1. Taking only Cα atoms of segment 120-259, what ratio of Rg to Rh do you get with Rh as the Kirkwood inverse-distance radius?
2. By DSSP, what percent of the beta bridges with both residues in segment 120-259 are antiparallel, rounded to the nearest 5?
3. If the viscosity is 1.567 mPa s and the temperature 4 °C, what Stokes-Einstein diffusion coefficient in µm²/s follows for segment 218-344 when Rh is the Kirkwood radius over Cα pairs?
4. Arrange 258, 7 by Cβ neighbour counts within 10 Å, fewest through most, would you?
5. Can you work out D for the chain in µm² s⁻¹ from Stokes-Einstein, where Rh is the Kirkwood radius over C-alpha pairs, the temperature is 4 °C and the viscosity is 1.567 mPa s?
6. So, in nm, how far is label residue 262 from label residue 226 when the simple model puts each one 7 Å beyond its Cα toward the Cβ?
7. Report, in deg cm²/dmol and to the nearest 500, the calculated mean residue ellipticity at 222 nm for the chain, where each DSSP H run with n ≥ 4 adds -39500 (n - 2.57) and the sum is divided by the residue count.
8. Tell me, what is the percent relative contact order of the chain, built from C-alpha pairs under 8 Å that lie six or more residues apart?
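Every read-out reported here was derived from the displayed coordinates using simple, explicitly stated rules and does not represent laboratory data. Keep in mind that what you see is a predicted model, and the values were worked out from it rather than measured. Here the Cβ is made from the backbone with ideal geometry for all residues, glycine too, and neighbour counts use every protein chain on show.
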Ligand code: NAI
Ligand code: MG
């Protein structure tokens, strides 16, 4: 039986409420006995600022470094609007990403059959959809230098952002995509704009070179604008999409809205494999924030958080059967018509955060 060390960081607002539901799932898997989870819990965001004057403590960072995966809720809220910039709640998230060097952001777009009718696309376009966008997160135009606004002195200004990628940055994100494709349907689509961008030419070249080590994975190249079009026209043609920071930012938001409401969307961020163990540092979190407008009212949908934990099972713990089981339990809960307010249609009865967590546990029991 494998043992996995997890750090739980609930954070602020609904972060604490949805983490309670993950704890139920963790307890369920521990009782089942096919894998063992050892958990630590600490503060992050506004909660950490209130306790330590910093958005995450060094002690919590040590726990994060020592864990197989960090399970992160959400941070922020109006209470901390006035705190200094470098200790604001989001600084905790940024420090985790930076210190753990989480350069790969994973955003799945999964269509749950019961919610297929709520999409703005036709049912047959998205029914059964299960794709994964792998976005480079620490390089590219958001970070490249020079980055400046210059006053030209003639009433005009000039703004410059610079897209910079080096071989190693492209190579490591490509390898993440190929590794993930191996655990899925074995296909990677790489998106760039090699027709107009030098960084796109290099991207294409380095991804193609890395592919030499993955003969079992199919590689396809697509220009990013055509990729955006294909994502809306027939998204089921894709398995894993790998792309840079800027294109990935846009394409992952488009992909998310093919199927989902904010309360349904999980994400993962991965770092480089440890040379000794081969294990990657990783953090799993819902795409949404701390939702101060509904915090403390038992209205939050815990599915994005629980689905993020399912990603941890799949990608950090190599517990594929358990991940499949948890995702099936979520789908079965939705099939029964159970809805938190954010995914309810007019006239639907709604259930609370706790009730949704309990319903998913009931489906885990029924399925196993
Ligand atoms: P938000 O994602 O917290 O909320 C946007 C809207 O979606 C709200 O109406 C909220 O009630 C709803 N919503 C979000 N998650 C939901 C869930 N699980 N179930 C049901 N409804 C849900 O974004 P917003 O309002 O812009 O930001 C609120 C705070 O969260 C801010 O302090 C912001 O900085 C922070 N934030 C934190 C993030 C993180 O921790 N990763 C990400 C985004 C925002
Ligand atoms: Mg974005």
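1. On the Cα set of segment 120-259, Rg over Rh gives 1.05.
2. Working: 5 of 19 bridges.
Of all bridge pairs located within segment 120-259, approximately 25 percent are antiparallel.
3. So the translational diffusion coefficient is about 78 µm²/s.
4. Starting with the residue having the fewest Cβ neighbours, the order is 258, 7.
5. 61 µm²/s
6. 3.5 nm
7. Details: 12 runs with 148 residues, N = 368.
My calculation for the chain gives -12500 deg cm²/dmol from helical runs alone.
8. Values: 760 pairs, mean separation 75.2, N = 368.
Relative contact order, the chain: 20 percent.
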